[in-house]
1. Do any of LYS26/LYS170; LYS49/LYS136; LYS26/LYS171 go past 26 Å between their Cα atoms, and which?
2. Can you tally the net charge around ILE89? Count Lys and Arg as +1, Asp and Glu as -1, for every other residue whose Cβ sits under 12 Å from the Cβ of ILE89.
3. Using heavy-atom solvent-accessible surface (probe 1.4 Å) with all chains present, what is the largest-first order of MET244, MET123, MET55?
4. Once you place label points 7 Å from the Cα toward the Cβ at ILE150 and PHE108, how far apart are they in nm?
5. Kindly report, to the nearest 10 Å², the accessible surface of SER274 as traced by a 1.4 Å probe over protein heavy atoms only.
6. Can you send over the solvent-accessible area of TRP51, 1.4 Å probe, protein chains only, in Å² to the nearest 10?
7. With label points built 7 Å along Cα→Cβ from the Cα atoms of ILE215 and PHE43, find their separation and express it in nm.
8. Using heavy-atom solvent-accessible surface (probe 1.4 Å) with all chains present, what is the largest-first order of SER165, SER106?
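The values are calculated or read from the model by the stated rules, or taken from the named source; none is laboratory data. Just so it is clear, the structure is predicted and the values come from calculations on it, not from any experiment. Reconstructed Cβ throughout: ideal geometry from the backbone, glycine too, with neighbour counts over all protein chains shown. Accessible surface is based on the protein model in full, side chains and every heavy atom, while ligands, DNA and RNA are left aside. Shrake-Rupley method; radii C 1.70, N 1.55, O 1.52, S 1.80 Å.
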Amino acid sequence: MKKFIWFLPVLAVLATWLPSSDAVWKYLFFLRLPILMGLFLLFLPKLAKDWLPAMLKNLFVLRSKWQLAVVIVSAIGAGTSVISVAAIILHNAPARFAVPPTIEISEFWQYGIAIALSLYICMIAFDLSQEKLNNKERRWGAFVGALLGIGLLFVISFIRDWLSSNAFLKKILADIVYFVGKHNTFGYINPQTGELSGGHLTAIAYLLIGVVIYITVGLRFNPKSETNRPEAPALLYVLLIISMVTLFYGGATFYFDYFRIPVLILFTAFSAISYIAFDVNHFFQVNKFKDSEDKKRDNRD
């Protein structure tokens with residue numbers, strides 16, 4: 001219990017920013033997904049190193065300097081997805097849910113918080129990778145990963161600014177929102193400008209980058225029954241999934257919370273329908289190993 005006492009000052013700060021305790025609980029509810037994902041990023045290394053090392057420690061034991069580099073940049077990306085969703089909710093919740101305005105997180109602090117959320121993962125990956133990598137390789141991976149992570153943040157900012165300056169694309173995005181939302185575009189469209197409100201372009205920019213990275217990794221490192229081939233670390237897939245789930249599921253909660261529709265029920269129904277439609281059965285037939293059978297015959301002889 002003592003480990004969670006640090007969370008009390010956070011609630012106290014939120015209480016000073018918001019005019020009433022009722023608004024505090026509303027914001028905590030609307031921010032439930034980025035809060036949970038942020039806590040997951042913070043506690044995953046602790047879980048893997050100290051609490052469940054037999055199950056999860058190998059996630060952080062990386063086998064090459066490039067694996068360490070891509071884990072660092074993907075961790076920064078996961079932190080970016082969490083803070084992007086949180087910034088969208090904080091900025092647009094007053095218009096969509098009629099709650100009092102609260103703090104707005106500037107772009108500089110969004111990137112700073114994204115790095116902070118990823119820092120513990122990077123530190124534990126760097127530390128545990130000493131089982132497979134020497135100090136020179138670890139330092140190289142950390143340096144390149146940090147550069148790529150900073151580069152990722154600049155690319156996100158560049159794509160967002162490009163989308164913001166492209167009137168044609170902005171009109172297409174606004175038309176899509178009008179088509180999907182019909183008359184319920186509160187929190188999505190700025191009524192004064194008729195364009196997407198704050199935060200959405202950043203999320204779209206990172207979503208485009210995330211999808212491209214996910215497809216590229218899947219095509220480049222498609223699992224095959226071959227030895228001595230390059231492979232992506234499992235932690236990279238975990239962090240990419242966190243990024244995508246945070247953006248998609250966070251966007252869904254922001255939309256459906258307006259209608260008081262629990263997204264968890266929709267997700268469960270979708271999973272059940274997919275299971276039935278695609279006849280998904282997660283079991284495999286295990287055949288006897290031929291060499292062992294040959295050894296048994298030799299022993300009998």
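1. Values: LYS26/LYS170 31 Å; LYS49/LYS136 23 Å; LYS26/LYS171 32 Å.
With Cα atoms farther than 26 Å apart: LYS26/LYS170; LYS26/LYS171.
2. Overall, the nearby charge balance is +1.
3. Accessible-area ranking of MET244, MET123, MET55, largest first: MET55, MET123, MET244.
4. 1.6
5. Spelled out: SER274, probe radius 1.4 Å, area about 30 Å².
6. 110
7. 3.6
8. Correct descending sequence by accessible area is SER165, SER106.
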